[in-house]
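Every number in this text was worked out from the coordinates using simple rules, so none of it is lab data. If you're wondering where the values come from, they're calculated on a predicted model, not measured in any experiment. Note that each Cβ is placed from the backbone with ideal geometry, even for glycine, and that neighbours are counted across all protein chains shown.
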Amino acid sequence: MTRTALCLWFNGQAEEAAEFYCSVFPNSKVGRIQRYPEGSPFPAPFSAGTAMTVDFELDGQPYTALNGGPEFTFSEATSVQIFCDDQAEIDRYWNALTADGGEESMCGWLKDKYGFSWQVVPSMLAELHSEDPAKEKAVADAIFSMKKLDIAELQRAFDTA
């Protein structure tokens, strides 16, 4: 068992979000759901029976979704990185997570329809780091010019610098 799990704070969408994320990532599942009890002091949407916490796994990594209310919202200061083996995998995650109201950002970052930030990154990106400052700059410039990262373009920038 891992000792840490990321807890995501939602305002009524915890169960929906956990189910959505599990549909996007392979080897994922929704686990225990703790529901608000009768007589809960929280107003709607936190009536009795509404999910209070939802434990779930994304590709084996534990998470918890909490319906905590409108007091806190997500920011880009926290994100989850998704390391992808090829462009098809980047495209699949990018398209799934930006669908239905998600937002593209820059440099491989996006917000999903719940406002949570993800970084969709090619696994091979580390291989493009170099002691050659021209290559480093070319790759960085390519990243800064993109929303969704394009492996072929990153490799081309590295190779031609």
Inset, instruction - Using only Cα atoms, tell me the angle between helix 151-160 and the longest principal axis of the chain; keep it within 0 to 90° and round to the nearest 10. - result: 30 degrees
Legend entry - Calculated [θ] (222 nm, deg cm²/dmol) that DSSP helices of n ≥ 4 give over the chain, each run adding -39,500 (n - 2.57): -8500 deg cm²/dmol
Legend entry - Coil-residue trypsin sites (Lys or Arg not before Pro) of segment 54-135, DSSP, other Cβ within 10 Å capped at 16: LYS113
Inset, instruction - For segment 1-73, just the Cα atoms, rotate onto the principal axes and tell me the three extents in Å, largest first. - result: 36, 24, 23
Inset, instruction - Report the equivalent ellipsoid semi-axes for the chain in whole Å, largest first, defined as the square roots of five times the eigenvalues of the gyration tensor built from alpha carbon atoms. - result: 37, 15, 13
Legend entry - Linear extension gain, PHE72 paired with GLU89, 0.36 nm per residue minus alpha-carbon span: 3.0 nm
Inset, instruction - Amide H neighbours of LYS113 under 5 Å, at least 5 residues apart or on other chains, H built in the peptide plane: list them. - result: GLY102
Inset, instruction - May I ask you to work out the translational diffusion coefficient for segment 74-161 at 20 °C, viscosity 1.002 mPa s, via Stokes-Einstein with Rh from the Kirkwood sum over Cα pairs, reported in whole µm²/s? - result: 161 µm²/s
Inset, instruction - Return one number: the angle in degrees, 0 to 90 and rounded to the nearest 10, between the long axis of the Cα atoms of helix 133-144 and the longest principal axis of the Cα atoms of the chain. - result: 40 degrees
Legend entry - Kirkwood hydrodynamic radius of segment 50-91, from inverse mean 1/r over distinct Cα pairs, in Å: 13.1 Å
Legend entry - DSSP-defined beta bridges in segment 16-161 - what % are antiparallel, rounded to 5: 75 percent
